[in-house]
Amino acid sequence: MTDRLILMGVIGKPHGVRGLVRVNSFAAEAESLEAYPLMDRTGRRFALAWLHDNVAQLSEVTPQGHRRITDRTEAETLTNLELFAPRSALPEPDDEEFYLADLIGLKAKSETGAELGTIAAVHDYGGGSSLEIMPGSLLVPFTRAAVPVVDFSSGHVVIVPPTEVTVSP
């Protein structure tokens, strides 16, 4: 199995004329992005060094070493580029904590034990996370009321969908 990539941040607008960029970090502590091996969806690797606030100097990591982005025009081409880190590079969560990405692939079961499908994605559009369960594309809010049990050891979650959601196992 390949190491799952975790979205750590998104490159924003260039800052100035020397290739600096704004970065929107999704890490608990933005400074930690400097320590992670970052890459885009194509596998292009980057290193980041924070300068101030959300402004960073990016370097592309190549077999020959780090190549700093020093030009505004090149920085503009990176706008909206998503930066990922391998799941294995992240620290292990504390007890009773987990990464939302770790939910992907778990079986979804009803309270009676009937299989509803598999968690295919975790979405967050600003109003809280939701789980997409396939097949059938069932979308369930990720709340304690709707998902009262998350059991990594047995590889499943228990789903109690809100009354507005129709579920057919």
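The values are calculated or read from the model by the stated rules, or taken from the named source; none is laboratory data. Every value quoted in this text rests on a predicted model; they were computed, and no experiment measured them. Cβ atoms come from the backbone with ideal geometry, glycine included; neighbour counts cover every protein chain shown.
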Would a scan of the range 147-159 turn up a residue that is surrounded by 12 or more Cβ atoms within 10 Å (Cβ to Cβ), aliphatic (A, V, I, L, M), out of contact with any Ser or Thr (no Cβ under 8 Å at 6 or more places or on another chain) and part of a loop (DSSP other than H, G, I, E, B)? yes
Which listed residue is in contact (Cβ under 8 Å) with a residue 12 or more places away in the chain and within 23 Å of residue 121 (Cβ to Cβ), from 25, 59: 25
Might you check whether a residue that is assigned to a helix (DSSP H, G or I), under 23 Å from the mean Cα position of the chain (by Cα) and not basic (Lys, Arg) occurs anywhere in the range 109-121? no
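In the list 115, 76, which residue meets the criterion of being in the same structural domain as residue 144 (by TED's automatic domain parsing) and touching a Pro at 6+ places or on another chain (Cβ under 7 Å)?
On the way: 76 fails: in the same structural domain as residue 144 (by TED's automatic domain parsing).
That would be 115, the only listed residue that is in the same structural domain as residue 144 (by TED's automatic domain parsing) and touching a Pro at 6+ places or on another chain (Cβ under 7 Å).
Where residues in the range 80-104 are in contact (Cβ under 8 Å) with a residue 40 or more places away in the chain and part of a loop (DSSP other than H, G, I, E, B), which of them is surrounded by the fewest Cβ atoms within 10 Å (Cβ to Cβ)? First the steps, then the outcome.
Here is the first cut: in the range 80-104, the residues in contact (Cβ under 8 Å) with a residue 40 or more places away in the chain are 80-90, 98-104.
Among the residues that remain, those that are also part of a loop (DSSP other than H, G, I, E, B) are: 80-81, 90, 98-99, 104.
Details: 80: 9, 81: 18, 90: 15, 98: 13, 99: 15, 104: 15.
Applying the filter and picking the extreme gives 80.
For (1) surrounded by 16 or more Cβ atoms within 10 Å (Cβ to Cβ); (2) touching a Leu at 6+ places or on another chain (Cβ under 9 Å), each residue gets a yes or a no:
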position: 11; (1), (2): yes, yes
position: 17; (1), (2): no, no
position: 26; (1), (2): no, yes
position: 31; (1), (2): no, no
position: 49; (1), (2): no, yes
position: 75; (1), (2): yes, yes
position: 78; (1), (2): yes, yes
